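The values are calculated or read from the model by the stated rules, or taken from the named source; none is laboratory data. All values derive from a computational prediction rather than experimental measurement. Heads up, the Cβs are rebuilt from the backbone with ideal geometry, glycines too, and the neighbour counts pull from every protein chain shown.
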Amino acid sequence: MVRFAFAALALTKIFLIWQFGPLYLPDSGLYLSFATKILTSTSWLSHANFITEFRIIGYPALIAFAKLINSSYFDYIIITAQSCLSLVAIFLLFRLSYLVTNSTLASIFVGFAYFSASLTWDLSMLTDSFYASLFSITLTILATHSFKKTTPSMLTALGLGTLLATSILIRESGLYFCLFPLTILTTTLLVCKLPAAKKICTVALFLLPICSTYTTYTNWNYYRTGHSFLTTGNQSALLQPIVKVGRYTDRNIFDGNHPLDVAASSFIKKHEWSEVFPLISKIREEYSLSSYEISDAVKHKFFQSLARHPHVYIKYILIEMIYASATVFNPANGLLGILTSEWIERPHSGAQLDINHVNPILKIANRAFYAVSVILFALFCLLIPAKLLSDYVTRIPITPRFIALLQLWFTFLGMHGAYWLVHWEQRYTVGVSGIFFVVLFGVIQDLLAQRKLHKNKTDSPTAQIIFTKPKLKAA
């Protein structure tokens, strides 16, 4: 049954590529410009400009390679590769979910959840699909070892570290999320009976590609600019929350004397995303600051404002969380976005459709799934603490299986929480969309089994003797 489900998803991917073709969004332009620069000159190797500092090289290099294969259909090559890698991630999620739940239906549902979450992004000329697949594959393989109580070989650890290193070159923020797979690997090694030297070597080999990639790339930027950094993406990524939290306070967040504060105080009016890049351009032109200097100033301002106005950021995080909770599982939303989003260019499939011309069933399903998502998200957040409390009260020891579920729970909320603090979009967290249901189904299964065990104990003859009051004989 799982094979048929996987084949159906693969055929659906092929149909979507044929029907819609590559999708272009506003961020696609910078990747294409970087790719063109790679193919047309070598100056980027020794000198950086705004684009080559702002974006990391991985995805533009893939586009450039695809253009070398076929310059007319390079975008089809990219989205086909993205879809194939996504299918690998789905296949591994099938295996993990069956291992955790021993249920074919649950496995199919988990695979479908990832499929629906990645639907739009597998077709898009953006980094989201590649990054999500690489992260999900790494996480799923490590989680599988954790649930099986086996340790990955040193060669496997090196390979998984290489996948994460590649994901960093696709999206630089992936560097911070390497912490979650590292935690799972370390915990798995700690509970296994292996020589300490072998455990240390396994972790070292896992970290080797990640550290090497970070060191090489930052040193390359130092050679090109005189500053050591991965990218200058902070100038927009961290500036966005500073601008947007201004909606929730009467105080001026930009109250310093730095050119960033001076320019923002006079320029920011609506506290919206649309003001971020014009503000960056204004600072660059009027104060002649480099991308690195702006990025560094924004990073400093972000942490300063977070420390000074924590209550404002808490409100901002809660609003982002509420929005995110409505989209953790919405199969209709991806297809609706492909058909109607004004942000998407469809050069191979015609213009966008008016929302009023879309099948009403799809629109109704989209709204219904919003409500379903909120309920599922609430269950996800509450069931793990409920299980912990139940185990504490009944004095049930924490099992390795529950530790593995707990780590995946923290991974999901940790990645979401990081983006809630900055700026959350569904495409940023596709990589953990599958483990959401692995954890949910696993904990529900454990709670039901625990309840059944408790009921069997109280219904046993011994329990009847213990808990039944003896009848007093009449005098």
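Among the residues of segment 345-355, is any in contact (Cβ under 8 Å) with a residue 40 or more places away in the chain and of a type in the set (A, V, I, L, M)? No; the residues of segment 345-355 include none that is in contact (Cβ under 8 Å) with a residue 40 or more places away in the chain and of a type in the set (A, V, I, L, M). Scanning segment 388-421 for residues that are over 24 Å from I322 (Cβ atoms) and surrounded by 21 or more Cβ atoms within 10 Å (Cβ to Cβ) yields a count of 3.
Condition first: in contact with a helix residue (DSSP H, G or I) (Cβ under 7 Å, 6 or more places away or on another chain) and either modelled with pLDDT of 90 or more or exposed (fewer than 15 other Cβ atoms within 10 Å of the Cβ) (or both). Now tell me which residues in segment 364-375 satisfy that. Outline the logic, then answer.
From segment 364-375, those in contact with a helix residue (DSSP H, G or I) (Cβ under 7 Å, 6 or more places away or on another chain) are 365-366, 369, 373-374; that's our starting set.
Within segment 364-375, F369, S373, V374 qualify.
For segment 15-42, residues that are in contact (Cβ under 8 Å) with a residue 12 or more places away in the chain, of a type in the set (F, W, Y) and either assigned to a helix (DSSP H, G or I) or over 18 Å from L62 (Cα atoms) (or both) total 3. Quick one: would you say N221 is over 17 Å from Y176 (Cβ atoms) and modelled with pLDDT of 95 or more? In short, yes. Comparison of T156, T150 shows that the only residue that is outside any helix (DSSP H, G or I), farther than 24 Å from L230 by Cβ, in contact (Cβ under 8 Å) with a residue 12 or more places away in the chain and among the β-branched types (V, I, T) is T150.
In segment 131-159, what residues are closer than 30 Å to Y24 by Cα and either among the aliphatic types (A, V, I, L, M) or surrounded by fewer than 24 Cβ atoms within 10 Å (Cβ to Cβ) (or both)? So that I can check it myself, show each step before the final result.
Of the residues in segment 131-159, the ones closer than 30 Å to Y24 by Cα are 131-140.
If the condition is that a residue be closer than 30 Å to Y24 by Cα and either among the aliphatic types (A, V, I, L, M) or surrounded by fewer than 24 Cβ atoms within 10 Å (Cβ to Cβ) (or both), then A132, L134, I137, L139 are the ones that fit.
The sole residue among I253, I280, I294, I268 that is surrounded by 18 or more Cβ atoms within 10 Å (Cβ to Cβ), over 21 Å from A48 (Cα atoms) and touching a residue at least 40 places away in the same chain (Cβ under 8 Å) is I253.
Give segment 161-216 a look and list any residue that's small (G, A, S) and in a helix (DSSP H, G or I), or say none. Spell out how you get there, then give the answer.
Taking segment 161-216 as the starting set, the residues that turn out to be small (G, A, S) are 161, 165, 167, 173-174, 196-197, 204, 212.
Hits for segment 161-216 are G161, A165, S167, G174, A196, A197, A204, S212.
Of the residues making up segment 214-237, those that are β-branched (V, I, T) and either surrounded by 18 or more Cβ atoms within 10 Å (Cβ to Cβ) or closer than 14 Å to T52 by Cα (or both) are T218, T225, T231, T232. Within the bounds of segment 386-397, is there any residue that is closer than 18 Å to Q445 by Cα and in contact with an Asp or Glu (Cβ under 9 Å, 6 or more places away or on another chain)? Looking through segment 386-397, at least one residue is closer than 18 Å to Q445 by Cα and in contact with an Asp or Glu (Cβ under 9 Å, 6 or more places away or on another chain).
Would you be able to say whether some residue in segment 387-396 is touching a Phe, Trp or Tyr at 6+ places or on another chain (Cβ under 8 Å) and either under 17 Å from N330 (Cβ atoms) or modelled with pLDDT of 85 or more (or both)?
We begin by selecting, within segment 387-396, every residue touching a Phe, Trp or Tyr at 6+ places or on another chain (Cβ under 8 Å); these are 387, 391.
After this cut, where a residue has to be either under 17 Å from N330 (Cβ atoms) or modelled with pLDDT of 85 or more (or both) as well, the list is 387, 391.
Within segment 387-396 (the criterion being touching a Phe, Trp or Tyr at 6+ places or on another chain (Cβ under 8 Å) and either under 17 Å from N330 (Cβ atoms) or modelled with pLDDT of 85 or more (or both)), the answer is yes, since at least one residue qualifies.
Residues in segment 46-100 that are hydroxyl-bearing (S, T, Y) and crowded, with 20+ Cβ neighbours inside 10 Å: how many? Counting residues in segment 46-100 that are hydroxyl-bearing (S, T, Y) and crowded, with 20+ Cβ neighbours inside 10 Å gives 5.
For segment 4-22, the set of residues classified as closer than 16 Å to S116 by Cβ and in contact with a helix residue (DSSP H, G or I) (Cβ under 7 Å, 6 or more places away or on another chain) consists of A5, F6, L9, A10, K13, F20, listed by residue number.
Cβ-Cβ distances below 9 Å connect the following pairs, each with a first residue in segment 306-322 that is touching a residue at least 40 places away in the same chain (Cβ under 8 Å) and among the hydroxyl-bearing types (S, T, Y), a second residue that is buried (at least 18 other Cβ atoms within 10 Å of the Cβ) and part of a helix (DSSP H, G or I), and a separation of six or more residues or different chains: Y313/P241; Y313/V245; Y313/S305; Y316/P241; Y316/K244; Y316/V245; Y316/W420.
Go through the residues of segment 201-212 one by one and say whether even a single one is over 22 Å from G334 (Cβ atoms), of a type in the set (A, V, I, L, M, F, W, C), surrounded by fewer than 23 Cβ atoms within 10 Å (Cβ to Cβ) and modelled with pLDDT under 95. Checked segment 201-212: no residue is over 22 Å from G334 (Cβ atoms), of a type in the set (A, V, I, L, M, F, W, C), surrounded by fewer than 23 Cβ atoms within 10 Å (Cβ to Cβ) and modelled with pLDDT under 95.
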